[in-house]
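Let me begin by presenting the structure, written as structure tokens, before commenting on it.
The values are calculated or read from the model by the stated rules, or taken from the named source; none is laboratory data. Please read all numbers here as calculations on a predicted model, not as lab measurements. Using ideal geometry, Cβ is built from the backbone for each residue, glycine included, and neighbour counts are taken over all protein chains shown.
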There are 2 protein chains.
Amino acid sequence: MTETATTTSPALRVALAYHRAWSAHDIEAAMTLVDPEIVCDSPGGPVHGLAAFRDFMAPFARSTSRTEVLGAFGDDETAVVLYDTSSTLVEHAPGAEWVHVVDGRIARMTIVFDRLPFAQARAAAAPPHA
Amino acid sequence: MTETATTTSPALRVALAYHRAWSAHDIEAAMTLVDPEIVCDSPGGPVHGLAAFRDFMAPFARSTSRTEVLGAFGDDETAVVLYDTSSTLVEHAPGAEWVHVVDGRIARMTIVFDRLPFAQARAAAAPPHA
């Protein structure tokens, strides 16, 4: 990630501001950067609209203890951010987001992460005969 | 993805050439763009060296019927590519790669994808009492 990329791409500025907000557990600030009609392609399927998107993203954001941007680039309307996370469930869980920004807010997102270690951690934490 | 980004980042040129090669099932061409001492952070754990990396990547590359780059950007030494794939196991499986390019070859990579649908597809395809 370069400062040049940070400062020259309007879409990347929004993507990184969104990233910083949820990384700081400030869900309200993060959601001000998301379009009310967001269409998000998530590993579990499509997520439509701000309320559903908040329900999808907030629990994970709250569980993170560390995030680190590995690569972040963009152009006028789109950006890609690839980052690592540590959370209460999984110590090392990288993720990546492609975003399309319209009028300063994320209108479309494709988010990629590995659900398998989260599923395994939840299964391991569940009571054996639940 | 912009043509400008394609033409101005040396690292992105390598990342996209690598992407095109494996997408065309040309594993040999793809591997010429990978450093013999590659260190790859994959969902299943670290992958060290070209032989192990080929074993990791080739089966998936061969199984793909379609790839589509959604976002691709880079600077002098690093690039990020986020793409969608269709394969024999999973119809819609996006992935993302951050790469560090040294002397025209990918020396470090963090690759992100969701292993869960692949694990589910393999389980569903297995004989019930295998």
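Couple of notes before you dig in:
- In region B:42-61, the residues that are crowded, with 18+ Cβ neighbours inside 10 Å, of a type outside the set (A, V, I, L, M, F, W, C) and not in a loop (DSSP other than H, G, I, E, B): B:42, B:54
- Residue among A:105, A:115 that alone is touching a residue at least 24 places away in the same chain (Cβ under 8 Å), over 24 Å from residue B:99 (Cβ atoms) and over 12 Å from the mean Cα position of the chain (by Cα): A:105
- When the test is whether a residue is buried (at least 19 other Cβ atoms within 10 Å of the Cβ), more than 8 Å from chain B (Cβ to nearest Cβ), touching a strand residue (DSSP E or B) at 6+ places or on another chain (Cβ under 6 Å) and in contact (Cβ under 8 Å) with a residue 60 or more places away in the chain, residue A:99 passes it.
- Whichever residue in region A:70-96 is in a loop (DSSP other than H, G, I, E, B) and touching a residue at least 24 places away in the same chain (Cβ under 8 Å) and, among such residues, is farthest from the other protein chains (Cβ to nearest Cβ): A:88
- Residues satisfying the stated conditions in region A:1-42, i.e. among the acidic types (Asp, Glu) and either at pLDDT below 95 or in contact with a strand residue (DSSP E or B) (Cβ under 8 Å, 6 or more places away or on another chain) (or both): A:3, A:35, A:37, A:41
- Candidate set from region B:102-130 (those that are in a helix (DSSP H, G or I) and hydrophobic (A, V, I, L, M, F, W, C)); member that is nearest to the other protein chains (Cβ to nearest Cβ): B:116
- Among (1) within 25 Å of residue B:84 (Cβ to Cβ); (2) more than 14 Å from the chain's Cα centre (by Cα); (3) within 14 Å of another protein chain (Cβ to nearest Cβ) - the single one residue A:37 does not satisfy: (3)
- Test: residue A:15 is within 14 Å of another protein chain (Cβ to nearest Cβ) and either in a strand (DSSP E or B) or within 23 Å of residue B:41 (Cβ to Cβ) (or both): yes
- Of all residues in region A:92-130, exactly one satisfies the criterion of being closer than 18 Å to residue A:25 by Cβ and acidic (Asp, Glu), namely A:97.
- Just one of the listed residues (A:78, A:64) is in contact with a Gly (Cβ under 9 Å, 6 or more places away or on another chain), among the hydroxyl-bearing types (Ser, Thr, Tyr) and buried (at least 16 other Cβ atoms within 10 Å of the Cβ), namely A:78.
- So residue B:69, is it crowded, with 21+ Cβ neighbours inside 10 Å and within 18 Å of residue B:96 (Cβ to Cβ): no
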